1. For E192, E227, what's the largest-to-smallest order of accessible area, 1.4 Å probe?
2. Would you tally the net charge around T249, using a Cβ to Cβ cut-off of less than 11 Å, leaving T249 out, and scoring K and R as +1, D and E as -1?
3. Scan segment 224-271 for chymotrypsin sites (Phe, Trp or Tyr not before Pro) in coil per DSSP, keeping those whose Cβ has at most 15 other Cβ atoms within 10 Å, and list them by number.
4. Sorting D226, D313, D185 by accessible area (1.4 Å probe), largest first, what list results?
5. Can you give me the solvent accessible area of T241 with a 1.4 Å probe, rounded to the nearest 10 Å²?
6. What order do D254, D21 take when sorted by accessible area (1.4 Å probe), most exposed first?
7. Cα-Cα over 26 Å: which of K111/K202; K195/K248; K202/K276; K110/K309?
8. Mind grabbing the accessible area of L240 for me, 1.4 Å probe, Å², rounded to tens?
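The values are calculated or read from the model by the stated rules, or taken from the named source; none is laboratory data. Predicted model, so just to flag it, every value in this text is computed and none were measured. Here the Cβ is made from the backbone with ideal geometry for all residues, glycine too, and neighbour counts use every protein chain on show. Remember, those area values only see protein heavy atoms, side chains included, never the ligands or the DNA or RNA. Shrake-Rupley method; radii C 1.70, N 1.55, O 1.52, S 1.80 Å.
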Amino acid sequence: MEEELGIKASIRGNRIFLHGDAGAVGKAEKFIREFYLINSGGYSISREDIKFALKALEDTDLGAPPAPRKNGPGKDLKDQPESSLKDFFAHNIPVASKKKFIVPRSEAQKKYIEAIKQYDMVIGIGPAGTGKTYLAMAMAINALLNKQVSRIILARPAVEAGEKLGFLPGDLYEKINPYLRPLYDALFDMMETEKASRLIEKGVIEIAPLAFMRGRTLNDSFIILDEAQNTTSEQMKMYLTRLGFNSKTVITGDITQIDLPFGKVSGLVEAEKILKDITGLSIVYFSEKDVVRHRLVQEIIRAYEKFGKSRIDRQ
């Protein structure tokens, strides 16, 4: 809080003393009071929550006085309600897990969640670490727990990331399992391992390579296609036509990390252009500002983007 707001804070007993610019101190006081209320309401606050809430505080200027609004000429309405950290945590996703609920940590993530609630098809495009798959998984689990769907299907193209692994040993399951590991990681982070394993055994949660989708019609399902930038045009068209009644799908990918062979067009890049004007689906874009991994990840993404732009300029 000291770093973000440029103030000094000290603790004596059960009191917090704040020193600095009056505006920054006012923001800090508001921040502490609201976080206390959120914590009292049962939410366990992590260091990351504080970091992203402070960022939201700065981005939305939560400490600023509300501006009056007008409704037609000369008609002043009551002051606009002041934003609060409660609003920031209001878009939580309850899941059956060690965590009570999952909270979006940026405006783009909030927009993404609202889009998933509103639309049957959502495409999330952005760099690694922005929560595209994680939040989609949380929404899928929430929909299953609330009986909005009867099963979750998680798909991913089996494409190697720049290195040839050769023939993997074992049966079909053992061969494809390494490609699907990131989906298992997200699932087990939100749901107890035993419960998730039981649901996988029953087929309520299915994790499969994209190639297994051909010929299927997926009704009453929440389907997530991860790493969609590594689909071909044919695979993407095949996947998009699997959607059945009472189903939702979320397609995620990072178009800056395409591992397809040289000359192959990414199905996600093509779909972004083809589907942008279709009513009933939403495309949400993320940037390095939405990265929720280590601080260095943001800096790395920004550095690569800068390098890519300079190389294009030189060419």
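1. Sorted descending by solvent-accessible area, the residues read E192, E227.
2. With Lys, Arg at +1 and Asp, Glu at -1, the neighbours total +1.
3. Here the sparse-neighbourhood loop sites are F245, F262.
4. D313, D185, D226
5. 90
6. D21, D254
7. Values: K111/K202 33 Å; K195/K248 23 Å; K202/K276 37 Å; K110/K309 29 Å.
Cα-Cα > 26 Å for K111/K202; K202/K276; K110/K309; rest within.
8. 40
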